[in-house]
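Structure, as C-alpha cells:
The values are calculated or read from the model by the stated rules, or taken from the named source; none is laboratory data. What you are looking at is a predicted structure, and each value in this text was computed from that prediction instead of being measured. Here the Cβ positions follow ideal geometry from the backbone for every residue, glycine too, while neighbour counts run over all protein chains shown. Calculation scope for accessible area: heavy atoms of the full protein, side chains included, ligands and nucleic acids excluded. Shrake-Rupley method; radii C 1.70, N 1.55, O 1.52, S 1.80 Å.
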Amino acid sequence: MDSDFSPGYGSGTVSDFGFAFNDSNFSDRILMVEIVPDSKSNGEGCCCSSSVVDWARKRKRRREEIKKENVDAHIINLSDVDVLTQREEEVLNCSMLDTEDVLAYENQDEEVVAMAEEPPSGIETTIDHPGDGEASKSTDSSTNMDSSTALRLRTIHISSPILAAKSPFFYKLFSNGMKESVQRLVTVQIHASEEAAFMDLLYFMYCNTLPTITPTALLDVLMAADKFEVASCMRHCSRLLRNLPMTCESALLYLDLPSSVLIADAVLPLTDAAKEFLAARFKDITKFQEEVLNLPLAGIEAVLSNDNLQVASEDAVYDFLLKWARIHYPNLEERREILSSHLCRLIRFPHMTCRKLKKFLTCNDFDPELASKVVMDALFFKAEAPYRQRSLAAEEGNASHHLFVERAYKYRPVKVVEFEMPRQQCIVYLDLKREECNNLFPTGRVYSQAFHLGGQGFFLSAHCNMDQQSSFHCFGLFLGMQEKGSVSFAVDYEFAARTKPTEEYASKYKGNYTFTGGKAVGYRNLLGMPWTAFMAEGSLYFINGILHLRAELTLRH
C-alpha cells in the first residue's frame, strides 16, 4: 500500500484494493456521511466550476460567507475540521472550511473526537456503490431529507485498516481507545459542494487513483485530502495538476496553496512548478511591464527570484520593485513592512551601482537600519576579489534567494574605483564569461552598466566585428558617453586585458578623445588576433573561463 502514514497497517508497497471499496464482504465498519447545505445554498458546487479561475472565485465567496456566519462558542476549528468536543457522543463535523478561518493544529495534544453510533432512528440511509455519480438506493433503504440538519445521509462500507494506513485522521479515529473506536458506525459531516471530492478521496484510498482529472475537481480533492490528512492523495493531485496546461491564473492559485492547506509539503512540487512557469512567462519584464505590475505578492516574488531574469541591470529591478510596492501598498507603514519582510531579499544589492545604493540608503520607503546593513553588505561584496565573489555566489546555490548571483543583465556589471585628487580619474573593471563572448559572434555586442566621471555617465561596449581590412572577425572594445545635452568632455583612456601566464593586466590601447553626447571611441581589434584564435581552447585571454578587461579614464582640463 502506498502508505504515507502506516503506524499499524500497510507494507509500504502500492496495492489496489478497489475490489473492496464499499463492499460489505471486505468491510468492518460503516461510514455515515451526513451531507449538510452549504453556507449559503446557491447551487455552486466547486467541482462544477468551468475553470480554475471560477473555482478560486467561488472559494473566495465561500470564505467571505463563512466569515459572516456566527460560529458557536463550543465549536473548535481543528485541522480545518469542525470538531465538536463537548461530549464523547457528539458528531465529528468535517465541514470544509478554508484554512485561513481555522486554528491550524493549535491543539494537537487533544484527541480528535468523532461519533460512532447506531443509525439514528427515523432517518433512512443511502448505500453508495463504486462508480455511481449519485447515491444508489439499496433494496431496503431510501433517501430521506432531514430539514433541520442534513440534506441526506450516504452510508458507505469501509475497511478501517485501509483508511487508517492512508490517513492519520482515520488512524486516530479507529484507535483512540474510546468506545467509538470499536463501534461499527462512524459519522462524519460535510457540505453538499464537497460531496464529490470526498467520495473521490475515499476511492483513492482504496485504488491509489482518481476517477476525474479536471483541474477544478483535482483541487477540490486536494483540499479534502488535506482535511483528512491523506498526504499521498495530495501528492497525486499535485502531480496531475503539474502535468496539465498551466495559465497565469492557475499558477497564482497554486502559489497560494501552501497558505491554504495544513500539509504544505505535499503541494510544494506544484508551487515550484507554478514559480517556474511565471518566471519563464515573464522572463523579460520589459515586455510585460503592465502585467507584472498587476501581479500579487506571490507572483512578483516568483518572477524576481529568477536568476535568468532579462533586465537592463539590478538598478532596474530595484526601481521596478519600488514602483510595484507603491502601487500595491500606498500606505507607507504597510509598504515598509512588506518591503522589509518579503521584497528586500528579491533585490541583489551587491550588483547594483554605487550611485543607486546611495539613493537606496536615503529612500524613505525602507527601514533605515535595514538599508544601512544591506548597503554595507553590498559594499563588502564589491570589495572582494573576483574569485571570492564567485565563491560566495556558488555557496548560496541551494538558497531560495541568490543574493550574489548575477542575472542575465542586458548591461554587464562593472567594478569602479574613483579618484577625485589629484585629478578626476576612474578605473573600470569588466569581466565577460567565455560563453558571453562566444555569443557575440558574428556581429553581436554587449554593453556595460553606466559609470561616472566628472558627473557624466560613460559605458563600455564589447563587439565582435570585422577588422579594418575586412579579412577576419575580431574582438573590439569601445568607450562611449551617455547622451546628455551638448556637454563636451576631453578624456585620456587606456584599455588593458589580463593575460596568461602572469595573469597581470597588459595595456592594449591608449588614446584621448573629446566626447559629446552619444559618441563612442575604441579599437576594433583590441587583442590583435582573429576571433578564432581569441576563442581557441588555449587562448591567453581566458583565465578560468573569464575574460578580464580594464579601462582607465582620466578627465583632461
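Observations on the model:
- A simple count of charges around ARG326, restricted to other residues whose Cβ falls under 12 Å of its Cβ and scoring Lys, Arg +1 and Asp, Glu -1, yields 0.
- Both radii come from the Cα set of the stretch 225-275: Rg as radius of gyration, Rh as Kirkwood radius; their ratio Rg/Rh reads 0.94.
- The Cβ shell under 13 Å around LYS508 holds other residues with a net charge of +1, Lys and Arg each +1, Asp and Glu each -1.
- Multiplying the residue separation of GLU435 and GLU504 by 0.36 nm and removing their Cα-Cα distance gives an extension gain of 22.6 nm.
- Residue pairs, from the table LYS275/LYS356; LYS283/LYS415; LYS373/LYS500, whose Cα atoms sit over 30 Å apart: LYS373/LYS500
- Positive-pole candidate from LEU297, LEU361, ILE327, dipole of the stretch 277-369, charges at beta carbon: LEU361
- Zone of SER488's modelled label, taken as backbone nitrogen in the stretch 521-557 under 14 Å from a point 7 Å along Cα→Cβ: 556-557
- Portion, in percent, of the accessible area of the stretch 318-424 that falls on carbon or sulfur, probe 1.4 Å: 56
- For the stretch 231-323, the set of GluC sites (Glu not before Pro) satisfying both a DSSP loop assignment and a count of at most 12 other C-beta atoms within 10 Å is empty.
- Dipole magnitude (debye, nearest 20) for the stretch 403-557, charges at Cβ of Lys, Arg, Asp, Glu: 220
- Over the stretch 445-557, the fraction of Cα-Cα pairs per 5 Å bin, rounded to whole percents and listed from the shortest bin up, is 2, 11, 21, 22, 19, 13, 8, 4, 1, 0.
- Applying 1/(1 + (r/R0)^6) with R0 = 45 Å to the Cβ-Cβ distance of ASP16 and HIS328 gives a FRET efficiency near 0.40.
- Charge context of HIS463, other residues only, Cβ under 12 angstrom, K/R +1, D/E -1: +1
- A 1.4 Å probe run over the protein chains yields, for the stretch 413-476, 50 Å² of accessible area per residue, whole-number rounding.
- Debye intensity ratio in log₁₀ form over the Cα atoms of the stretch 420-464, taken at each q of 0.23, 0.24, 0.25 Å⁻¹: -0.82, -0.86, -0.90
- Spin-label pair LEU379/GLU396, simplified geometry with 7 Å Cα→Cβ offset, distance in nm: 1.9
- Estimated dipole of the stretch 143-302 in Debye, rounded to 20 [Cβ of Lys and Arg +1, of Asp and Glu -1, Cα centre]: 580
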